[in-house]
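The values are calculated or read from the model by the stated rules, or taken from the named source; none is laboratory data. Computed from a prediction, not measured in an experiment: that's the story for all the values here. Note that each Cβ is placed from the backbone with ideal geometry, even for glycine, and that neighbours are counted across all protein chains shown.
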Amino acid sequence: MPEHESTPDDTRADLEEEQADAREPDEDGAASGMSRRSFIKGVGGTAVATAAMSGATETDAAEASDGPDGVRVANITLSINGEAHAVSRVEPRTTLLDVLRNRLEYTGAKPVCERASCGACSVLLDGKPVYACSILAMDAEGHEIVTVEGLLDGDSLHPVQEAFVEEDALMCGFCTPGFVVSVAALVAENDDPTLDEVKKALSGNLCRCGTYTRVFAAAQTAARRVREGT
Ligand code: FES
Ligand code: FES
């Protein structure tokens, strides 16, 4: 089971709750316009990573407007790597990964499976690793998002990035940004993880090249660097 902020059970429970909500009329006795349930409907049954979303600022339906083809769109502001980014005309179905890569050019998070299985799209949401492919952009409003680009300190690599270089912990590199983000979350909480703790923390990330041994070594090297301040 991935160590990211969701489980299939969470997802199922969330969808059931949304479906229950959808059956309830609002104060005017009518179905409300823009809501999380419409967003969930827009991305089908794979939406996950909602456990960290309890404090989400939902885009007000009053701010939404009709876009092309009658699709409801809204303007949102996302806090990414410490900067506020205004994103206009976001559709309910649009994922955080889509906004990051195609509207804001943060291309570190990679689209691979796009169904919450591989971890290549991992970003930090309020410090926790999540799958950006499975979070709706509107639901990310009001949260602090950090991408792999945001781990840099000016031109200096983050200790985790240094550790991946030191341990030569990649082959094709496609999974690497996701692993780096997940390791950064781990060492921020635990600067002396056991190998089992490393494996558990990285269980939501897959590497098709099979570079796991070096990735695990990089995680422990990163923890040492953080511990020693190097
Ligand atoms: S692309 Fe998001 S988990 Fe695979
Ligand atoms: S290094 Fe190629 S997928 Fe991980």
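At-a-glance table
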{"quantity": "So E114, is it within 16 Å of ligand 1 (Cβ to nearest atom), of a type in the set (D, E) and within 26 Å of G210 (Cβ to Cβ)", "calculated": "yes"}
{"quantity": "Meets criteria (surrounded by fewer than 24 Cβ atoms within 10 Å (Cβ to Cβ) and over 30 Å from T213 (Cβ atoms)) for H143", "calculated": "yes"}
{"quantity": "Candidate set: the stretch 100-127, residues that are among the β-branched types (V, I, T) and under 12 Å from E149 (Cα atoms); chosen: the one surrounded by the fewest Cβ atoms within 10 Å (Cβ to Cβ)", "calculated": "T107"}
{"quantity": "Complete set of residues in the stretch 84-118 that are over 30 Å from C172 (Cβ atoms) and free of Cβ contacts under 8 Å to residues at least 12 places away in the same chain", "calculated": "A84, A86"}
{"quantity": "Count of residues meeting criterion [surrounded by 14 or more Cβ atoms within 10 Å (Cβ to Cβ) and farther than 17 Å from G119 by Cβ] in the stretch 167-187", "calculated": "1"}
{"quantity": "Residue in the stretch 107-114 that is closer than 28 Å to R227 by Cα and in contact with a Cys (Cβ under 8 Å, 6 or more places away or on another chain) present", "calculated": "yes"}
{"quantity": "Output for the stretch 119-131, where each listed residue is in contact (Cβ under 8 Å) with a residue 60 or more places away in the chain, within 10 Å of ligand 1 (Cβ to nearest atom) and not β-branched (V, I, T)", "calculated": "G119, A120, S122, Y131"}
{"quantity": "Hits in the stretch 182-230 (condition: in a loop (DSSP other than H, G, I, E, B) and within 16 Å of ligand 1 (Cβ to nearest atom))", "calculated": "L202, S203, G204, N205, L206, C207, R208, C209"}
{"quantity": "V130 vs. criteria farther than 14 Å from S182 by Cα, among the hydrophobic types (A, V, I, L, M, F, W, C), modelled with pLDDT of 95 or more and surrounded by 19 or more Cβ atoms within 10 Å (Cβ to Cβ)", "calculated": "no"}
{"quantity": "Selection status of V215, β-branched (V, I, T), within 14 Å of ligand 2 (Cβ to nearest atom) and at pLDDT 95 or above", "calculated": "yes"}
